[in-house]
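Engineer: Have a look at this one before I ask anything.
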Amino acid sequence: MTLTELRYIVTLAAEAHPDIILMDIRMPRADGITATRRALAASPDSRVIVLTTHQRTEAVAQAIDAGAHGFLMKDARPELLLAAIR
């Protein structure tokens with residue numbers, strides 16, 4: 001993730017204070033764990049649901065340590081995603 005992209009995510013979270021943030025752990029140039037941590041620092045009442053293609057214990061632990069409230073596989077059924085958001 002470029003510094004500009006990270007700043008944008010943090011600024012947007014700080015200004016919008018979203019209820020839910022859907023965060024990808026792995027993006028082409030991004031570190032979703034760092035972005036999760038910083039977005040929640042800027043908007044502590046937001047809840048992050050991390051999405052990933054890899055179901056690894058280490059990734060789950062890192063996401064939870066960063067403050068994520070949920071963890072779903074990207075291929076999860078839409079009903080499961082909606083349930084997680086609710």
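The values are calculated or read from the model by the stated rules, or taken from the named source; none is laboratory data. What you see is a predicted model; the values in this text were computed from it and never measured. Glycine gets a Cβ as well: all are built from the backbone with ideal geometry, and neighbour counts include every protein chain shown. Please note that ligands, DNA and RNA were not included when accessible areas were found on the heavy atoms of the full protein model with its side chains. Shrake-Rupley method; radii C 1.70, N 1.55, O 1.52, S 1.80 Å.
Engineer: Please report the spacing between the Cα centers of segment 1-20 and segment 58-73 in Å, no decimals.
Structural biologist: Using only Cα atoms, the two centres lie 18 Å from each other.
Engineer: Around His17, with a cut-off of 12 angstrom between Cβ atoms, what is the net charge of the other residues, counting Lys and Arg +1 and Asp and Glu -1? Mind dumping the intermediate values first?
Structural biologist: Values: positive: Arg47; negative: Glu15, Asp19, Asp45.
Once all neighbours under 12 Å are counted, the net charge is -2.
Engineer: Provide the solvent-accessible area of Thr53, counting protein heavy atoms only and rolling a 1.4 Å probe, rounded to the nearest 10 Å².
Structural biologist: Approximately 80 Å² of Thr53 is accessible to the 1.4 Å probe.
Engineer: Of the heavy-atom accessible surface of the chain (probe 1.4 angstrom), what whole percent is carbon and sulfur? Before the final figure, lay out the partial values.
Structural biologist: Working: 3070 of 5550 Å².
Its accessible area is 55 percent carbon and sulfur atoms.
Engineer: I'd like the accessible area for Leu3, computed on protein heavy atoms only with a 1.4 Å probe and all protein chains in place. Round to 10 Å², please.
Structural biologist: It works out to around 100 Å².
Engineer: For segment 1-68, what is the accessible area per residue in Å² when the probe is 1.4 Å? The partial results should precede the final answer.
Structural biologist: Values: 4100 Å² over 68 residues.
Here the residues of segment 1-68 average 60 Å² of exposed surface.
Engineer: Principal axis extents for the chain, Cα atoms only, whole Å, descending order, please.
Structural biologist: 31, 26, 20
Engineer: Measuring from label point to label point, each 7 Å out along Cα→Cβ, what is the His54 to Thr34 span in nm?
Structural biologist: Here the modelled spin labels are 1.6 nm apart.
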